[in-house]
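To start, the structure under review is shown below, and the notes come after it.
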Amino acid sequence: MRIAIVDDEKFYLERIRSIVEQTLPEYETKCYQDVSDFIKEADEFAIVLLDIAMPGEDGIELAKKLRQKGCVIIFVTSMKERMQEAFGKHVEGFVLKEDLMDQLPKVLEIVDESLYIDHNFIYKDDLGRENKLAISSIYYLEVYRKDVYVYKKDEKIHLPNMTLKECYNQLDRNFVYASRHMIVNVAHMVHLNKQYQIFMDNEEVLYTNRYCYKDVREKFMEIIL
């Protein structure tokens with residue numbers, strides 16, 4: 001997995017990178033001084049370490065834009081007075097720059113453990129072999145002719161001997177039932193209309209029903225607000 005560090009000050013970029021690489025050496029780390037460069041590649045990262053005060057882009061506003069991407073956000077900043085404002089969906093930590101050496105490794109280890117436990121979907125394939133799949137990569141799950149299938153951006157995977165309910169129990173809070181036979185990841189939704197159409201970010205169109213529409217809409221609004 002990959003970690004992004006976004007800070008306009010080169011000194012802190014290098015200092016934070018050093019701590020990250022010592023704490024989580026198995027991750028690939030990339031630094032960004034320019035927010036626009038980071039946004040172009042934001043989909044590639046599981047964890048984002050983000051400053052708050054940056055020219056041209058407030059870190060808290062940037063974090064709101066990242067909510068749909070499902071990455072974990074850790075604020076690394078000098079702005080203690082904005083701590084309460086910073087916490088929100090997918091924000092897992094707030095580290096003051098004055099406490100970097102002491103606090104950042106602890107927060108990184110906690111996030112790493114939660115990612116491993118909570119962000120992998122475990123299933124057995126048709127040959128009985130156990131596999132794991134990043135939950136954030138799942139677009140939706142569907143029952144078709146009594147079998148369950150999981151759909152990624154451009155891949156369909158058969159889940160033999162699993163029920164939709166068993167699948168749902170492994171998923172995170174971004175997932176909601178769109179019907180009795182389908183569960184959708186709202187983090188990959190871009191629009192929901194009153195004709196019960198769900199538009200996904202891979203240009204696929206799914207359908208909910210009048211019974212599930214309200215739940216899908218409320219879950220979607222949690223992500224975009």
If you check every pair at least six apart or on different chains, which have Cβ atoms under 6 Å apart with a residue in region 150-176 that is closer than 24 Å to ARG217 by Cβ first and a residue that is open to solvent by 50 Å² or more (accessible area, probe 1.4 Å) and at pLDDT 95 or above second?
VAL176/ASP215
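Anything in region 178-189 that is open to solvent by 20 Å² or more (accessible area, probe 1.4 Å) and at pLDDT 95 or above? List them, or say none. Spell out how you get there, then give the answer.
Applying the first criterion (open to solvent by 20 Å² or more (accessible area, probe 1.4 Å)) to region 178-189 yields 179-181, 188.
The answer is SER179, ARG180, HIS181.
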Looking at region 174-195, can you tell me whether even one residue there is within 20 Å of LYS65 (Cα to Cα), in a loop (DSSP other than H, G, I, E, B) and of a type outside the set (A, V, I, L, M)?
yes
Does any residue of region 132-151 turn out to be assigned to a loop (DSSP other than H, G, I, E, B) and closer than 26 Å to CYS71 by Cβ?
yes
With the requirement that a residue be in contact (Cβ under 8 Å) with a residue 60 or more places away in the chain, not basic (Lys, Arg) and not in a loop (DSSP other than H, G, I, E, B), what does region 11-51 give you?
TYR12, ILE16, ILE19, VAL20, GLN22, THR23, ILE47
Please go through region 1-20 and give me each residue that is more than 21 Å from the chain's Cα centre (by Cα), of a type outside the set (Lys, Arg) and open to solvent by 20 Å² or more (accessible area, probe 1.4 Å), ordered by number.
ASP8, GLU9, PHE11, TYR12, GLU14, SER18
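Confirm whether THR208 is of a type in the set (S, T, N, Q), open to solvent by 50 Å² or more (accessible area, probe 1.4 Å), more than 21 Å from the chain's Cα centre (by Cα) and more than 23 Å from ALA63 (Cα to Cα). If you could, list the steps in order and put the result at the bottom.
Values: of a type in the set (S, T, N, Q): yes; open to solvent by 50 Å² or more (accessible area, probe 1.4 Å): no; more than 21 Å from the chain's Cα centre (by Cα): yes; more than 23 Å from ALA63 (Cα to Cα): yes.
No; evaluated as a whole, the condition is false for this residue.
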LYS214 fails exactly one of the following numbered conditions: (1) touching a strand residue (DSSP E or B) at 6+ places or on another chain (Cβ under 9 Å); (2) open to solvent by 60 Å² or more (accessible area, probe 1.4 Å); (3) at pLDDT 95 or above; (4) not aliphatic (A, V, I, L, M). What is the number of that condition?
(1)
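Can you tell which of LYS65, LYS124, LYS106, LYS80 is open to solvent by 40 Å² or more (accessible area, probe 1.4 Å), at pLDDT 70 or above and in contact with an Asp or Glu (Cβ under 7 Å, 6 or more places away or on another chain)? Please lay out each step first, then the result.
Numbers: LYS65 fails: in contact with an Asp or Glu (Cβ under 7 Å, 6 or more places away or on another chain); LYS106 fails: in contact with an Asp or Glu (Cβ under 7 Å, 6 or more places away or on another chain); LYS80 fails: in contact with an Asp or Glu (Cβ under 7 Å, 6 or more places away or on another chain).
Just a single option satisfies the conditions, and that option is LYS124.
Table: residues versus (1) surrounded by fewer than 15 Cβ atoms within 10 Å (Cβ to Cβ); (2) modelled with pLDDT of 80 or more.
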position: PRO25; (1), (2): yes, yes
position: CYS31; (1), (2): no, yes
position: PHE45; (1), (2): no, yes
position: GLU57; (1), (2): no, no
position: GLY70; (1), (2): no, no
position: PHE75; (1), (2): no, yes
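The values are calculated or read from the model by the stated rules, or taken from the named source; none is laboratory data. From a predicted model like this one, the values you see are computed outputs, not experimental measurements. Cβ sites come from the backbone with ideal geometry, for glycine too, and all protein chains shown count toward neighbours. Side chains are part of the model used for accessible areas, which takes the heavy atoms of the whole protein and leaves out ligands, DNA and RNA. Shrake-Rupley method; radii C 1.70, N 1.55, O 1.52, S 1.80 Å.
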